[in-house]
1. Taking the options B:60, B:76, B:67, name whichever one is touching a residue at least 60 places away in the same chain (Cβ under 8 Å) and within 11 Å of chain A (Cβ to nearest Cβ).
2. Going by the structure shown, is residue B:68 in a helix (DSSP H, G or I) and under 23 Å from residue A:13 (Cβ atoms)?
3. The conditions are (1) in contact with a strand residue (DSSP E or B) (Cβ under 8 Å, 6 or more places away or on another chain); (2) without any contact (Cβ under 8 Å) to a residue 24 or more places away in the chain; (3) not β-branched (Val, Ile, Thr), and residue A:102 fails exactly one of them. Which is it?
4. In this structure, is residue C:11 farther than 26 Å from residue D:23 by Cα, facing another protein chain (nearest Cβ under 7 Å), part of a helix (DSSP H, G or I) and under 16 Å from the mean Cα position of the chain (by Cα)?
5. Sort through C:74, C:54 and tell me the only one that's among the β-branched types (Val, Ile, Thr) and surrounded by fewer than 24 Cβ atoms within 10 Å (Cβ to Cβ).
6. Filter the stretch A:60-80 for residues that are within 9 Å of chain C (Cβ to nearest Cβ) and touching a Phe, Trp or Tyr at 6+ places or on another chain (Cβ under 6 Å); which is surrounded by the most Cβ atoms within 10 Å (Cβ to Cβ)?
7. Whether any residue in the stretch A:85-102 is of a type in the set (Val, Ile, Thr) and more than 10 Å from chain C (Cβ to nearest Cβ) is what I want to check.
8. Against the conditions (1) assigned to a loop (DSSP other than H, G, I, E, B); (2) under 20 Å from residue D:7 (Cβ atoms); (3) of a type outside the set (Ser, Thr, Tyr), where does residue B:124 fall short? Just the number, please.
Amino acid sequence: MAAIILISIGVIFNIFGCIGLIRLPDMYNRLQAATKCVTLGCCSILVGVMVHYGLGGAGFRALVAIPILFFTATVAAHALVRGAYHFGTKMDERSVKDDYMEAVK
Amino acid sequence: MRYVTIFILSLVFWLLITFKFTVPDIAAGAVASAITAAIFGRYYFHNVYKFLQPRRWFWFVVYLVTFIWACIKANFDVAYRVLHPAMPIRPGIVKVKTTLRSDFAKTLLANSITMTPGTITVDIIGDDIYIHWIYIRSEDPAQYTSMVTGRFEEYIKKFAE
Amino acid sequence: MTSFLDILLYIQIALCAPCLYRIIRGPTIPDRMVGIDIFGILVVGICGIITVQTGKAFILDIGIAWVILSFIGTLTLAKYLSGKKLNE
Amino acid sequence: MKGMTVIVKKTTQLIAGIIFMYGIYIILHGHLTPGGGFAGGVILAGSFILLILAFGSDFLHLVKEERGSTMYENLAILVFLLLSLTGLLAGAKIFFANWLPHGTPGELLSAGFLPLYNIFVGIEVAASILTIFLALVIFKEEVMK
């Protein structure tokens, strides 16, 4: 039962992330919302799998998947946002500040 | 030293994902860990002995709890911004100075910043971390530095420096 | 209980549609790459739910392999975006 | 500034060995779980591609690596063919004969020759994918010069 609740929480977070992927105005905000929500949602699903199987073979496999997912998702998001800035993606017109512009030049 | 570290880490990883403790399984894991250590050993960290002190483990647990709490808060923050009809966003890139020295600690700080509410790390040059923030709450550098890095910096300094 | 898991699985699969929308309609190239990245993470959730639903533990292996390959793919795309040369 | 940022470098150092280990796991359990030689070989090649991407070309000497990977590819396909030839010579008179004891299903040491075939197919696939990647990279570097 606890496994079902955790998986439902994960799916709800994933829904938030995908709404953010559609609604937000520019690439940086989309990446930010989607990465956070989808990563934590999938981690929640994996914790649900671990609770469902107990601490056996499959449970430990799900437990190992969680840190791998965290590291890879955050680092991929960082590399992608840096690459997009160097590519020349414009920020939204509501942006108020850009300190990085001097550092690049 | 670093070869021994990666050997032990790989063997633990192998035992966790197979979770069978017969002799052929452990032997195969040991051989595979030896191959991994031989190939990837020279790219690994060398000052891992610091993690043998129990004081660092205590601060690591404190950091982990804070980090998970920040993750959950980040998700409700994103949900609020996404579901609000007017979409309260005020994005921008800010520069934050860090006092951490080692590269691994900086990496951990950057990863924590990526998962905390509304921020994502863009680049790291020397001591400066450039952060894209979805809602800039203040213009004062000292104030937003403490807002972004929060308590992560002191915890990381205690267990990873 | 199983039917509820079915509903969750269908919702999770349907969430791939926004990513596909972003991949197809993204105004710029980085937008499409964001879609690809998020798609890769969503598949892990699908693998996890199928694991619980069918009771076959080896489907998790597919999920972990997918995480790793998606990470390498995203890094390659980011490298393509940030510079033309391998050394930059 | 060679390679990508310091965040990517440090995470690569931490995670490349684990990716390699996972590829070996997929290969060695190829007769028990989905996957096998090809999928595991792709993950093995992925760990090296990750290192090359993160650290840039000067860190790993690319041309030397390419010679090494070509040699491993040829050796692996040779050993694979020799192994399948042993079936022809030793008793069964069938190409790809599985004449080793089969063992109990579900254990690591079972299914006769299949784990050995999987190991060599894995090395072959890893080396050839790495060769393709390095060939593309070296070609691009030469065009840029």
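1. Values: B:60 fails: within 11 Å of chain A (Cβ to nearest Cβ); B:76 fails: touching a residue at least 60 places away in the same chain (Cβ under 8 Å).
Every option except B:67 fails the conditions.
2. Numbers: in a helix (DSSP H, G or I): yes; under 23 Å from residue A:13 (Cβ atoms): yes.
Yes, satisfied.
3. Against the list (1) in contact with a strand residue (DSSP E or B) (Cβ under 8 Å, 6 or more places away or on another chain); (2) without any contact (Cβ under 8 Å) to a residue 24 or more places away in the chain; (3) not β-branched (Val, Ile, Thr), residue A:102 comes up short only on (1).
4. Details: farther than 26 Å from residue D:23 by Cα: yes; facing another protein chain (nearest Cβ under 7 Å): yes; part of a helix (DSSP H, G or I): yes; under 16 Å from the mean Cα position of the chain (by Cα): yes.
Against the criterion (farther than 26 Å from residue D:23 by Cα, facing another protein chain (nearest Cβ under 7 Å), part of a helix (DSSP H, G or I) and under 16 Å from the mean Cα position of the chain (by Cα)), residue C:11 qualifies.
5. Details: C:74 fails: surrounded by fewer than 24 Cβ atoms within 10 Å (Cβ to Cβ).
When all the criteria are applied, what remains is C:54.
6. First, the residues of the stretch A:60-80 that are within 9 Å of chain C (Cβ to nearest Cβ): A:61-62, A:64-65, A:68-69, A:71-73, A:75-80.
Narrowing the set further to residues that are touching a Phe, Trp or Tyr at 6+ places or on another chain (Cβ under 6 Å) leaves A:72, A:76.
On the way: A:72: 23, A:76: 28.
The residue in question is A:76.
7. Our first condition is that a residue be of a type in the set (Val, Ile, Thr); within the stretch A:85-102, this holds for A:89, A:96.
Filter again for more than 10 Å from chain C (Cβ to nearest Cβ), leaving A:96.
Yes - at least one qualifying residue is present in the stretch A:85-102.
8. (1)
The values are calculated or read from the model by the stated rules, or taken from the named source; none is laboratory data. The model shown is predicted, which means the values in this text are computed figures rather than measured ones. All Cβ positions, glycine included, derive from the backbone under ideal geometry; neighbour counts span all protein chains shown.
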